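Visitor: Take a look at this one; I'll ask things after.
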Amino acid sequence: MHDSVTTSLLDAFLQQLKTAPSSALLLDYDGTLAPFCVDRTRAFPYPGAISILEEIVQSGRTKVIVISGRPILELRALLAPMHNLELWGTHGLERQLTDGSYSCAQINEEDAVSLTKAREWIVAAGLLSRAEFKLGGIAIHWRGLPTAEARSVQLLTLEGWTKIAEQSRLKLLQFEAGLELRVSHPNKGDAVSSILAGLEPRTPVAYLGDDLTDEDAFRVLNGHGLTVLVKATYRETIANTWIRPPQELIDLLERWLINISG
Ligand SMILES: [Mg+2]
């Protein structure tokens with residue numbers, strides 16, 4: 001992707017913010033708003049990001065929404081002291097609105113049975129210490145392990161879970177230093193659909209993300225808003241623009257703030 005494409009699409013989008021009565025800024029968390037960290041509980045946002053986001057929220061002209069694979073409880077801890085954000089956690093299964101109201105979608109019985117199988121496999125494979133049990137999914141992490149050990153955990157998990165994924169409606173997701181087996185829906189794309197349904201037509205909307213799970217969100221938003229891959233090195237994506245964190249992210253947030261404050 002040429003930088004010139006990103007520049008012209010970003011410029012055109014940011015220009016719309018000057019006159020639009022409202023807008024929406026949708027952001028993934030890990031890898032997008034915050035750098036990866038071996039200790040996942042310490043993956044705080046990039047320096048400067050929170051203060052700009054706070055000002056964007058204070059303007060009253062942009063809805064800021066974080067959509068992440070993490071549970072909402074973790075997002076709240078990492079995003080403190082911001083408390084007036086709309087949060088979609090666990091890939092869109094959980095939602096917390098700015099007034100603090102919380103809701104969680106139901107997982108169907110067939111998926112629950114498949115997840116139990118996956119859990120039994122983890123115990124049998126001796127990977128319990130690397131597992132994270134979430135609503136609607138299980139993740140295996142190998143961040144921080146020596147390379148050879150990480151590779152063997154990856155191969156073992158891939159082999160065991162590919163079979164379970166094939167025999168169920170669960171999907172296998174690869175993320176930075178881990179694998180997750182989880183329900184196919186809701187996903188981040190479903191979250192974006194719900195958010196769009198609640199906005200006035202023609203509201204400028206942008207989605208910033210780095211993961212393969214963000215592609216679902218890009219797909220839903222393409223044609224209706226700006227989609228931004230946030231990643232140090234380019235990868236195949238359907239996002240229409242690409243920026244490198246953290247500097248180009250901070251620049252984008254600053255320009256957003258200036259354009260809604262004018
Ligand atoms: Mg991410």
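The values are calculated or read from the model by the stated rules, or taken from the named source; none is laboratory data. Bear in mind that the values here come from a model prediction, so they are computed numbers and not experimental data. Cβ: placed from backbone, ideal geometry, glycine included. Neighbour counts: every protein chain shown. Ligands, DNA and RNA are excluded from the accessible area calculation, which covers all protein heavy atoms including side chains. Shrake-Rupley method; radii C 1.70, N 1.55, O 1.52, S 1.80 Å.
Visitor: Could you work out the pair-distance distribution P(r) of the chain from its alpha-carbon pairs, with 5 angstrom bin width and percents rounded to whole numbers?
Guide: 1, 6, 13, 17, 19, 17, 12, 8, 5, 3, 1, 0
Visitor: Can you give the longest stretch of the chain with no exposed loop site, where a site means GluC sites (Glu not before Pro) in a DSSP loop (not H, G, I, E or B) with at most 16 other C-beta atoms within 10 Å?
Guide: Longest site-free region, per DSSP loop and neighbour criteria: 1-175.
Visitor: Something else about it: For the range 109-182, what does the relative contact order come out to in percent, with C-alpha contacts under 8 Å and a separation of six or more?
Guide: 34 percent.
Visitor: So what is the calculated 222 nm ellipticity per residue for the chain, using -39500 (n - 2.57) for each DSSP H run with n of 4 or more, over all residues, to the nearest 500 deg cm²/dmol?
Guide: Rounded to the nearest 500, the figure is -12500 deg cm²/dmol.
Visitor: Run the numbers for Val113 and Asp3: contour at 0.36 nm per residue of separation, minus the present Cα-Cα distance, in nm.
Guide: Gain on stretching Val113 to Asp3: 35.0 nm.
Visitor: Could you work out how far helix 147-166 tilts from the main Cα principal axis of the chain, as a 0 to 90 degree angle to the nearest 10?
Guide: Once rounded, one gets 90 degrees.
Visitor: Tell me, what is the per residue accessible area of the chain in Å², probe radius 1.4 Å?
Guide: 47 Å²
Visitor: Here is a further query. Using a probe of 1.4 angstrom, how much of the accessible area of the chain is carbon and sulfur, in percent?
Guide: C and S atoms contribute 55 percent here.
Visitor: Using a Förster radius of 22 Å, what is the FRET efficiency between Ser101 and Leu199 based on their Cβ-Cβ separation? Nearest 0.05, please.
Guide: After rounding, the FRET efficiency stands at 0.75.
Visitor: If you don't mind, there's one more thing I want to ask. Suppose every K and R has +1 on its Cβ and every D and E has -1 on its Cβ; what is the size of the dipole of the chain about the Cα centre, in Debye to the nearest 20?
Guide: 120 debye
Visitor: Given axes a ≥ b ≥ c from the Cα gyration tensor, I'd like to know whether the range 140-256 is rounded (a/c under 1.5), prolate (a/b larger than b/c) or oblate.
Guide: Oblate shape, in that a/c is at least 1.5 and b/c is the bigger or equal ratio.
Visitor: Moving to a separate point now. Specify which residue in the list Gly126, Gly137, Ser168 is farthest towards the positive end of the charge dipole of the range 109-182, using unit charges on the beta carbon of Lys, Arg (+1) and Asp, Glu (-1), about the Cα centre.
Guide: Going by the Cα projections, it comes out as Gly126.
Visitor: Picking from Arg119, Arg61, Arg151, which is most flexible by a Gaussian network model of the chain using Cα springs under 10 Å?
Guide: Checking each option, the largest mean-square fluctuation is seen for Arg151.
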